[in-house]
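To start, the structure itself, in structure tokens.
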Amino acid sequence: MHSFLITHWSLNPQDLPESIKLKLPRHDSLNHPDILLLKPNPIITIAQIRHFKTWLSRRPYQATTKAAVLLQADQLTLPAQHALLKSLEEPPQDTIIILATNHPDALIPTIHSRCQLIHLQAPSTSG
């Protein structure tokens, strides 16, 4: 499986499970030409998912793999969630897709069924 739904991620690649870190183009940073960060503004629209799907169809630029990271995936509109399903089910072989959210219940069940769910430790609120 190449699609992951990750909760409580600080966006530090070092916090990811080793099995995912090894697949990232350069796992010390998310600043890499083969990593696409998709952020809500204030939501993630179907137009952004269409751009995302075009990016998925391209080969990696520098690395052997590429990674698409959808930040605050709970902000995907319902049409955008439906447009994303096929890509989650069958991502290109050289690609991993990460949906990062602290509210996974805001996503439709079919997204959950197409992703490996990874719960990271929630950050401590005590000082």
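The values are calculated or read from the model by the stated rules, or taken from the named source; none is laboratory data. These numbers come from a predicted model, not from an experiment. Virtual Cβ from ideal backbone geometry, glycine too; neighbours counted across all protein chains shown. All accessible areas refer to the heavy atoms of the entire protein, side chains included, with ligands and DNA or RNA removed. Shrake-Rupley method; radii C 1.70, N 1.55, O 1.52, S 1.80 Å.
How many angstrom separate the Cα center of region 39-89 from the Cα center of region 1-16?
15
Please report Rg over Rh for region 1-47, where both radii come from the alpha carbon positions and Rh follows the Kirkwood definition. Intermediate results must be reported in sequence, preceding the final value.
Details: Rg = 12.0 Å, Rh = 12.3 Å.
Taking Rg over the Kirkwood Rh, I get 0.98.
By its C-alpha gyration tensor, with a ≥ b ≥ c as the square roots of the eigenvalues, how is region 25-76 shaped: rounded for a/c under 1.5, else prolate for a/b larger than b/c, else oblate?
Values: a/c = 3.24, a/b = 1.56, b/c = 2.07.
Cα axes put region 25-76 in the oblate bin.
Is there a quick way to get the dipole size of the chain? I mean about its Cα centre, with the Cβ of Lys and Arg at +1 and of Asp and Glu at -1; what is the value in debye to the nearest 20?
On the way: 11 positive and 9 negative charges, 84 e Å.
Magnitude of the dipole: close to 400 debye.
Going from most exposed to least, what order do His119, His32 have by accessible area with a 1.4 Å probe? Each step should come with its number before you reach the end.
Numbers: His119 125, His32 20 Å².
From most accessible down to least: His119, His32.
Along the principal axes of its C-alpha atoms, what lengths does the chain span, in descending order and rounded to whole Å?
44, 33, 26
Return one whole number: the accessible area per residue of the chain in Å², for a 1.4 Å probe. Before the final figure, lay out each step's value.
Values: 7020 Å² over 127 residues.
For the chain, the per-residue accessible area is 55 Å².
Per the 1.4 Å probe, what fraction of the accessible area of the chain, in percent, lies on carbon and sulfur atoms?
51
From the residues His8, Asn31, Ala63, which one has its Cα farthest along the dipole of the chain in the positive direction, the dipole being from +1 and -1 charges on Cβ of Lys/Arg and Asp/Glu about the Cα centre?
Ala63
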